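Only the coordinates and a few stated rules stand behind these numbers; no lab work does. No experiment lies behind these values; they were computed from the predicted model shown. For neighbour counting, all protein chains shown are included, and Cβ atoms are generated from backbone atoms with ideal geometry for every residue, glycine included.
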Amino acid sequence: MILITGGAYQGKKNYAFRTFGCSENSVADGLVCSINDILNAECITNYHIFVKRMLEDNADIISVTKQLCTENFNAVVIMNEIGCGIVPLEKKDRIWREMTGKCGCIIAENSERVIRMINSVPVIIKGEL
Amino acid sequence: MITLVTGGSKCGKSSLAEKILDSVYTGGKFYIATMIPYGDDALDAVNRHRIMRDGKGFSTVEKYTDIHEISLAENCGILLECIGNLCANEMFCNEKICFPTEKIISGVKKLSQYAEHIVIVTNEVGCDGFDYTAETQLYIKAMAEINSGIAQFADNVIECVYGIPIILKGEIPC
């Protein structure tokens with residue numbers, strides 16, 4: 001498994017396409033995809049939004065994330081880093097931010113490689129390129 | 001030795017901080033808690049961290065402001081958690097906003113003198129790009145100044161990203 005993270009618009013998806021041979025056809029987009037898509041796609045984008053959607057559906061996102069790591073262990077997962085700001089006023093935003101952190105830790109732990117994109121520059125923070 | 005651990009929300013800062021102190025220090029350990037246990041979220045966090053520390057031999061000191069007043073045994077181990085709460089408490093506890101940058105930096109320096117090893121947990125709060133009220137902007141600025149100030153005299157500065165420690169200065173002492 002490979003995790004690509006970083007702030008918004010830092011070139012994460014481009015990097016995944018360029019480096020790991022992912023293409024639009026093989027992508028499950030967290031904005032719209034189902035749990036089943038997550039468990040089967042080669043590449044999952046916007047996983048932080050997927051977390052938000054699952055929370056809105058009262059799904060157990062921690063279990064789903066663990067399932068992703070065991071069942072789709074060759075996937076490239078792309079998720080934004082969203083925890084480095086001010087604690088949100090709305091409780092549901094706070095929960096989303098926290099759960100995204102927890103899910104990110106689970107995915108990172110299960111990934112052979114973790115890459116953090118900054119201004120389209122990949123910084124490897126776990127494993128080797 | 002002084003180690004500063006930073007990062008965003010739920011990125012594994014606390015577990016890393018405890019791991020560092022556990023592995024480098026075997027003597028008496030103090031946990032300085034700066035979060036006021038008020039409201040559900042705070043109580044959840046307090047309980048979560050208590051369970052994490054359970055059985056690891058920490059004596060807890062609750063100090064929400066004025067950390068320079070704390071007096072501890074020489075050569076102890078200290079985990080100070082966290083600068084984010086401490087800064088908010090200092091700034092917004094009184095009617096008028098206070099600017100606690102120097103006070104907190106010198107407070108941490110003073111604590112460092114007692115400690116054989118001190119691990120300080122702080123937060124990254126300036127990276128979400130939203131516009132905030134003037135008060136919140138002042139908080140973000142103060143946090144940046146305090147973090148920079150501590151990083152200057154810290155031996156190690158480590159950032160956590162989704163549980164992965166990244167060395168910004170020095171080394172990971174465990």
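Brief remarks on what is shown
- Within the listed set B:N123, B:N94, B:N85, the Gaussian network model of chain B (springs between alpha-carbon atoms below 10 Å) gives the highest mean-square fluctuation for B:N94.
- Within 10 Å of each Cβ in A:99-107, the average number of Cβ atoms from other chains: 5
- Shape of region A:1-98 from the C-alpha gyration tensor: oblate (a/c of 1.5 or more and a/b not above b/c, with a ≥ b ≥ c the square roots of its eigenvalues).
- Helical runs assigned H by DSSP (4 residues or longer) give chain A a calculated mean residue ellipticity at 222 nm of -13000 deg cm²/dmol, each run adding -39500 (n - 2.57) before division by the residue total.
- Region B:59-109 and region A:50-129 have their alpha-carbon centroids 31 Å apart.
- GNM result for chain B, Cα springs below 10 Å: residue of B:N75, B:N47, B:N89 fluctuating most strongly: B:N47
- In chain B, helices alone account for a calculated mean residue ellipticity at 222 nm of -13000 deg cm²/dmol, with every DSSP H run of four or more residues adding -39,500 (n - 2.57).
- Peptide ranges B:101-112, A:8-19 listed from the most packed, as the mean C-beta count within 10 angstrom indicates: B:101-112, A:8-19
- Taking amide H positions as modeled 1.01 Å from N, with prolines and chain starts lacking one, the residues under 5 Å from B:S9 and 5 or more places away or on another chain are A:G83, A:C84, A:G85.
- Across the options B:I36, B:C76, B:I118, the greatest Cα extent toward the positive end of the charge dipole of region B:1-139 (unit charges at beta carbon of Lys, Arg, Asp, Glu) belongs to B:C76.
- Along chain A, longest interval not containing exposed GluC sites (Glu not before Pro), exposed being DSSP loop plus at most 14 other Cβ atoms within 10 Å: A:1-89
- Beta bridges by DSSP in region A:11-129, antiparallel share as percent, to the nearest 5: 50 percent
- Check: region B:56-169 dipole with +1 on Lys, Arg Cβ and -1 on Asp, Glu Cβ, in debye: 200 debye
- For A:N110, net neighbour charge (Lys/Arg +1, Asp/Glu -1) across residues whose Cβ lies under 14 Å away: +1
- Distance in nm between pseudo-label sites at B:S106 and A:A59 (7 Å out along the Cβ direction from Cα): 5.4 nm
- Against chain B, whose longest principal axis is taken from its Cα atoms, helix B:40-53 shows a tilt of about 20°.
- Shape of region B:100-171 from the C-alpha gyration tensor: oblate (a/c of 1.5 or more and a/b not above b/c, with a ≥ b ≥ c the square roots of its eigenvalues).
- Modelled spin labels at A:L89 and A:N36, positioned 7 Å past Cα toward Cβ, are 4.1 nm from each other.
- Global geometry of region B:76-133, whether rounded, prolate or oblate, following the gyration tensor of its Cα atoms and the 1.5 cut on a/c: oblate
- Build a GNM of chain B with springs between Cα atoms under 10 Å apart, and of B:G57, B:G77, B:G39 the one that fluctuates most is B:G39.
- Nearest-20 debye value, the protein assembly as shown charge dipole, Cβ charges on Lys, Arg, Asp, Glu: 300 debye
- Stokes-Einstein D (µm²/s) once Rh is taken as the Kirkwood radius of the protein assembly as shown over alpha-carbon pairs, at 4 °C in 1.567 mPa s: 64 µm²/s
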